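The values are calculated or read from the model by the stated rules, or taken from the named source; none is laboratory data. Computed from a prediction, not measured in an experiment: that's the story for all the values here. When we count neighbours, we look across all protein chains shown, and the Cβ atoms used for this are built from the backbone with ideal geometry, even at glycine. Side chains are part of the model used for accessible areas, which takes the heavy atoms of the whole protein and leaves out ligands, DNA and RNA. Shrake-Rupley method; radii C 1.70, N 1.55, O 1.52, S 1.80 Å.
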Amino acid sequence: MVEQTLTLLVLDLVGCFVFALSGGLMAVRKELDIFGVVVLACVTGLGGGILRDMAIGATPVAALSDWRYLVVPMTAGLLTFYFHPALGRLGPMINVFDALGLGLFV
């Protein structure tokens, strides 16, 4: 039971990270500063999960009750800001991971 819970947590955090990467890349392409990149990465990485939790009535929302859910997209945003040339070349692969993440969360 503990392994299943840990697996779900890891998959959820990986999904948040990938979504935050795609949001951070979009922010870099729009030439936002570091604060804008991190904010957009957080919104992109956490927005779907917050809406999901609100829709199913899961309170408190997981993104607001567990610190890891905020650290993961912030880290992804910072990595995107500093390493965007390398991540930009991985754009098609990130789109694949984004699609896989959507499928995973559905």
Practice problem: Please enumerate the residues belonging to the range 39-94 that are within 19 Å of Asp12 (Cβ to Cβ), part of a helix (DSSP H, G or I), open to solvent by less than 70 Å² (accessible area, probe 1.4 Å) and of a type in the set (Gly, Ala, Ser). | Solution: Ala41, Gly45, Gly47, Gly48, Gly49, Ala62, Ala63, Ala76, Gly77
Quiz item: Has the range 16-31 got any residue that is open to solvent by less than 80 Å² (accessible area, probe 1.4 Å), out of contact with any helix residue (DSSP H, G or I) (no Cβ under 7 Å at 6 or more places or on another chain) and either without any contact (Cβ under 8 Å) to a residue 24 or more places away in the chain or hydroxyl-bearing (Ser, Thr, Tyr) (or both)?
Solution: no
Quiz item: In the list Leu46, Leu11, which residue meets the criterion of being more than 8 Å from the chain's Cα centre (by Cα) and farther than 11 Å from Phe81 by Cα?
Solution: Leu11
